[in-house]
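Undergrad: Take a look at this one; I'll ask things after.
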Amino acid sequence: MKIAWYEPLFFLFFGAFHLHRVWGLADRESYAAFWLGVLTQKGPLYFGLMGLLAVLCLAGVATFFRNWGRNPWWRWIYLFGGSYVLFDLLAIAAGLSFWHSLLAWMFDVTSPCWNFLWGFFVLLGGASAALGLSLLVRRT
């Protein structure tokens, strides 16, 4: 099985993106203010990040279907995780009210679920980064 050059990068980027949420565990207020600002102002960081996420997810989903019938377990992440992220990006861009309510709940710094939610994302980031490093080693 061939690992494409961008496959380790996919998991390393998503790992870093989720690992940065340690900031949210350390400082709820500034983390929530920063990301709510990014999501509402829709400046260059927003469009750059959303564009990169979309390109990586589309490449992952395309890779999954191009290798139909011979995908290792981790390529299923492209299908399910990538499709979820593409939906998330579309829901944010379209301004879907139920998604806005979900994001407002996620960034509610008074929520008793804050540490559980953002801690889960940090663990997800660690797993994604570890998988990316593993693929990078296997590719070389």
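Each reported figure results from applying straightforward, stated rules to the coordinates on display, with no laboratory input. Nothing here was measured: the structure is a model prediction, and the numbers come from that model. All Cβ positions, glycine included, derive from the backbone under ideal geometry; neighbour counts span all protein chains shown.
Undergrad: Give me the dipole magnitude in Debye, nearest 20, for region 6-139 about the Cα centre, with unit charges on the beta carbon: positive for Lys and Arg, negative for Asp and Glu.
TA: Taking the Cα centre of region 6-139 as origin, the dipole is about 540 debye.
Undergrad: Using label points projected 7 Å from each Cα along Cα→Cβ, tell me how many nm separate TRP76 and LEU89, to one decimal.
TA: Output for this residue pair reads 2.4 nm.
Undergrad: Loop sites only, by DSSP: take the trypsin sites (Lys or Arg not before Pro) in the chain that have at most 13 other C-beta atoms within 10 Å and name the longest stretch containing none of them. Kindly include the intermediate steps, with their values, before the conclusion.
TA: Working: sites that count: LYS2, LYS42, ARG70.
Maximal segment without exposed cleavage sites: 71-140.
Undergrad: Also, I was wondering about something else. Please give the length that would be gained between MET1 and LEU133 if that part of the chain were fully extended, namely 0.36 nm times their separation in residues minus their C-alpha to C-alpha distance (nm, one decimal).
TA: 45.8 nm
Undergrad: Further question: What is the Rg over Rh value, at two decimals, for region 6-139, using alpha-carbon atoms and the Kirkwood definition of Rh?
TA: We get a ratio of 0.99 for region 6-139.
Undergrad: Kindly provide the helix-only [θ] at 222 nm of the chain, computed as the sum of -39,500 (n - 2.57) over DSSP H runs of four or more divided by all residues, to the nearest 500 deg cm²/dmol?
TA: Values: 7 runs with 104 residues, N = 140.
The helix contribution divided over the chain gives -24500 deg cm²/dmol.
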